[in-house]
1. Can you list which of the trypsin sites (Lys or Arg not before Pro) found in the stretch 106-205 are DSSP loop residues with at most 12 other C-beta atoms within 10 Å?
2. Express in nm, to one decimal, how much length is gained between Asp362 and His220 on full extension, taking 0.36 nm for each residue of separation and deducting their alpha carbon distance.
3. Evaluate the distance, in nm, between pseudo-label points positioned 7 Å from the Cα of Asp372 and of Thr303 along their respective Cα→Cβ axes.
4. Just grab the label-to-label distance for Ala114 and Ala233, each label 7 Å out from Cα along the Cβ direction, in nm (one decimal).
5. For the pair Gln258/Gln201, report the inter-label distance in nm, with labels modelled 7 Å from Cα in the Cβ direction.
6. In whole Å, what is the distance between the alpha-carbon centres of the stretch 274-301 and the stretch 113-166?
7. For the stretch 231-309, what is the per residue volume of the convex hull drawn over the alpha-carbon atoms, in cubic angstrom?
8. Based on the Cβ-Cβ distance of Ser389 and Thr335, what FRET efficiency does E = 1/(1 + (r/R0)^6) give at R0 = 41 Å, to the nearest 0.05?
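A short reminder: the numbers here are calculations on the coordinates, not readings from a lab. This is a predicted model, so every value here is computed, not measured. Don't worry about glycine lacking a Cβ; one is built from the backbone with ideal geometry, like all the others, and counts go over all protein chains shown.
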Amino acid sequence: MNPYDNPQGSPYDNPHGNPQGGQGPEPVSERAFDPIDVASSVYEHGWGPGPVAPAPARPVPSTPVPFLPHPATTGPDAAGQPGRDRPAAPPGVPPAPAAGASGPVPVLGEEPGAVHHVGRKPPAYTPEPTGIADVGADLYAGTLPDTVVDGGTFGPVTVRAASVRGDSHRYRGECRQDAVLVTRAGDLLLLAVADGVGSQQHSQRGSNGVLRLLARQVAHKAETLLACLRIGAEADFAVLMGQMVAAVAGELAKDAGQWGLDPKSYATTLRALLVPADADVAARGFVSVGDGGLLRLREGGWTNCEQDEDDGALISTRTHCLPEAYEQTRVRLITDTRPGDLLVLCTDGLALPLLKEPDLQDFLADRWGGPDVPGLAEFLWQAQVRVRSYDDDRTAVCLWEAAR
């Protein structure tokens, strides 16, 4: 029997969803173009690095170079001023203190210290990780990191991303079931988040696997997808993305079968943005299956970009999930972006409190709504600001549109 064949439907025994069963998608004929064997496991084969080339021999200087610089005893270096061997500090950065100088060292950044919280009371959980997942119970789950942070600049946009294990998972020593992806396929940027269904034992495999498989599909069709975005062909883009998500769902179910697991145990949501590198192309492609959020910060105010979706109730306790609910894929083009906008793609661990808690809206608007994009460490500190009663994994990808 096909792993999708479930005419009676298959409600998950958890608060996350009740997708309808049905016949699974036929495998797509992409193998001739795929350097990775699609029949192999996305966790065991095809994802590791190739052979490492030997490092080139380092040339030996003709004149010996001292291991440590000679101490400066006279001249501008001795006074702590820029000199021949001490370049001037960049604008806005205080110079390093001179050797032997006393007094406190300046601290850069305005918000050092413990993770902040909003609301009258802090969460009951401690703000830092406590329990650690055990590799003996599940090697895959036990080797997932507590926190992931990523980012970069691509054409007209700057990206920051973070995925943080929720307080409840930390307390129980369980792994993070959210996943995040920041990657590119030629002139197309792919940003994606996935939220593994909490009560499904292997949903962390589903959330991480669905992002890798989607990246492979996008890499195959990047030029066609980019052409759709360039001319605003939403219908063609939706058809193509629907086919790709169906193919991803089929491969995800196949991977579960190779490990002797029920495909339902991989249950995960999916949300993704595709962004061209060309600054003249304003369209951003959005695809989603299940809950989560896509929000916009513009001129200090937050907007839910999915509030017009018929079945996009973010505060619902039931949601569609892959690999079963591939037919519930929602696709649209976002064509009303403006310079200086911020798009936030996130799992419901951030979407729910951000939509419901004004204090959190104000906190993040103050820090993300200005002209300066935070650094990676600063962004991570901001993204994990705590709100009482919200203890789920939290994953967010922020996309800053360049001011023009």
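1. For trypsin sites (Lys or Arg not before Pro) across the stretch 106-205 that sit outside H, G, I, E and B with at most 12 neighbouring Cβ atoms in 10 Å, the list reads Arg120.
2. Numbers: separation 142, 0.36 × 142 = 51.12 nm, distance 4.08 nm.
That works out to 47.0 nm of additional length.
3. According to this spin-label approximation, the distance is 2.8 nm.
4. 5.6 nm
5. 2.0 nm
6. 23 Å
7. Per residue, the Cα convex hull of the stretch 231-309 comes to 137 Å³.
8. 0.65
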